[in-house]
Amino acid sequence: MKPASSEETEGRQPRPSAAAWLSRYGAYLALALLVLFNLAFTPHFATMQTFSVNLAQICTIVIVGVGMTLVIATGGIDLSVGSLMAIAGAIAPGFFTGYYFPSAPPYLNIALSIAVPIAVAGLFGLFNGWLVAGFRIQPIIATLVLFIAGRGIAQVWTNGDLQVFKMPAFQAIALGHVLGVPLQIWIMLAVVILAAWVLRRTVFGRQVLAVGGNEAAARLSGVPVGRVKCLVYVASGLCSGVAGLIVIAMNSAADANLIGMGTELDAIAAVAVGGTLLSGGRATTTGTLVGALIIQLVRYTLLANGVPDSAALIAKAALIVIAVWLQRQERA
């Protein structure tokens, strides 16, 4: 029998299964169907105001979700993101109100109110990475430390008080507009694009996926596994800091008890629905954006058509179950 040529062998390679295709691209298909349904049946859906409102609703979830995507890509998880948002939100008002540095120029205090809280959140992310990479503690346990203690730190910092303020120069990060679009949406898109570029075009991005795909093989091939893990948790912390500042700027108040409450679960849901493998090795930040949009549009669609909000929670849970089921089918 004549041996098969390389071209014939390549031609007989199995095609991706339907489950694999849906796991990778089903989120985009679901988003397109949701948009078409709303265009046909939901009044006033095709307006700039509706577009901006829906995007503004998911900005903080997507920004946190981008950091979560990088962590999950390495096979980890970060439960501390909501608490890090609270820490950043608790620190910022002391700067732009002049409480910390009364004699400093206003513009310097504004700059510090943005830079310092984000940097502090990144340092706490480094602490998470140190526990995971240095002590080999399971990520869900390592980040549970700051999930509990982080909100306590924020509450101690503010003595549990609600900090109310009005500072237009600072609040522009959430309430300002550029080309008619809220600035927070531009910030969200910039974070998504930057993370997508890092994952696709840099050595670090390939190392992240290698660690998540097969940590032992990545270590044997020379990938600095510990450093990569530390850096993804730092990135998650930085994203949480940015999201925390947007939340307090939007609310004109900083409440350490409530900032970021439940955001970690929403971020994980967006990552799962968007097509990132929860077991690591494959990640898509644009998919995280799409996943958050799907969850938001499902809720908006149900509410706009007279369905109670409780049904939206059930639909959200169903989306997560479907996403995880598709991932299991793909791996099988």
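The values are calculated or read from the model by the stated rules, or taken from the named source; none is laboratory data. Note that the structure is predicted; figures quoted are calculated from it, not measured. Every residue, glycine among them, receives a Cβ derived from its backbone with ideal geometry; neighbour counts consider all protein chains shown. All accessible areas refer to the heavy atoms of the entire protein, side chains included, with ligands and DNA or RNA removed. Shrake-Rupley method; radii C 1.70, N 1.55, O 1.52, S 1.80 Å.
Of all residues in segment 292-321, those that are part of a helix (DSSP H, G or I) and touching a helix residue (DSSP H, G or I) at 6+ places or on another chain (Cβ under 8 Å) total 20. Consider A272 carefully, then state whether it is modelled with pLDDT of 95 or more and in a helix (DSSP H, G or I). So A272 fails the test. In the set L175, L209, only one residue is of a type in the set (A, V, I, L, M) and under 24 Å from Y107 (Cβ atoms); that residue is L175. A253 falls short on exactly one of the conditions (1) under 14 Å from A88 (Cα atoms); (2) under 20 Å from the mean Cα position of the chain (by Cα), and that condition is (2). Among the residues of segment 174-188, the ones that are open to solvent by 30 Å² or more (accessible area, probe 1.4 Å) and either in contact (Cβ under 8 Å) with a residue 40 or more places away in the chain or not in a helix (DSSP H, G or I) (or both) come to 6 in all.
In the condition set (1) more than 27 Å from V321 (Cβ to Cβ); (2) surrounded by fewer than 17 Cβ atoms within 10 Å (Cβ to Cβ), A56 is compliant with all but (2). Within segment 87-113, no residue that is touching a residue at least 12 places away in the same chain (Cβ under 8 Å) sits with its Cβ atom under 7 Å from a residue that is of a type in the set (K, R) and part of a loop (DSSP other than H, G, I, E, B) at 6+ positions apart or across chains. Determine if segment 254-271 includes at least one residue that is buried (at least 23 other Cβ atoms within 10 Å of the Cβ) and of a type in the set (S, T, Y). Yes, there is a match, as at least one residue in segment 254-271 is buried (at least 23 other Cβ atoms within 10 Å of the Cβ) and of a type in the set (S, T, Y).
Residues considered: A249, A218, A243. Of these, the only one that is touching a Ser or Thr at 6+ places or on another chain (Cβ under 9 Å), open to solvent by less than 10 Å² (accessible area, probe 1.4 Å) and in a helix (DSSP H, G or I) is A243. The C-beta contact set for segment 26-54 (first residue farther than 21 Å from A272 by Cβ and touching a residue at least 60 places away in the same chain (Cβ under 8 Å), second residue assigned to a helix (DSSP H, G or I) and open to solvent by less than 90 Å² (accessible area, probe 1.4 Å), distance under 6 angstrom, 6+ apart or interchain) comprises N38/T301; T42/A304; F45/N38.
Among the residues of segment 96-125, the one identified as modelled with pLDDT of 95 or more and of a type in the set (F, W, Y) is F124.
Considered as a group, the residues in segment 130-166 that are charged (D, E, K, R) and over 25 Å from the mean Cα position of the chain (by Cα) include one that is modelled with the lowest pLDDT, and that residue is D161.
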